[in-house]
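Since the structure comes first, as structure tokens, the remarks are kept for the end.
The values are calculated or read from the model by the stated rules, or taken from the named source; none is laboratory data. As the structure is a prediction and not an experimental result, all values here were calculated from the model. Glycine gets a Cβ as well: all are built from the backbone with ideal geometry, and neighbour counts include every protein chain shown.
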Amino acid sequence: MGVIFDRSCMLWQNDCDIQGSCMFYDNASLSLGFLILCVSVAGVSLTAMIVAALCYRAPTTKDSVNLDVNGADSKACTELLSRQTLLRTDDC
């Protein structure tokens, strides 16, 4: 990012042949530099997202945990939640 600022500087402060800080920037050059930087970062991000989408494999039924909310698993979930609530009230 510092390169963008350095390249857009129009007037440097010089003391005894030592380059100091920039006193005046070219706004058009500075804005163009940051636009290019933002577009580049967005392009890398988009590329990574596309690669991730292409490489994604959905989990198989063996690997996934299926909870049937309306079936027998809902009773187990309700029981587990009630146990957690009892544990919380017993701690007080």
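You will find that of Cys22, Cys55, Cys38, the residue that is free of Cβ contacts under 8 Å to residues at least 24 places away in the same chain and touching a Phe, Trp or Tyr at 6+ places or on another chain (Cβ under 9 Å) is Cys22 and no other.
Asn66 passes every criterion in (1) modelled with pLDDT of 85 or more; (2) outside any strand (DSSP E or B) apart from (1). Of all residues in the stretch 14-48, those satisfying the criterion of being surrounded by 12 or more Cβ atoms within 10 Å (Cβ to Cβ) and part of a strand (DSSP E or B) are Cys22, Tyr25.
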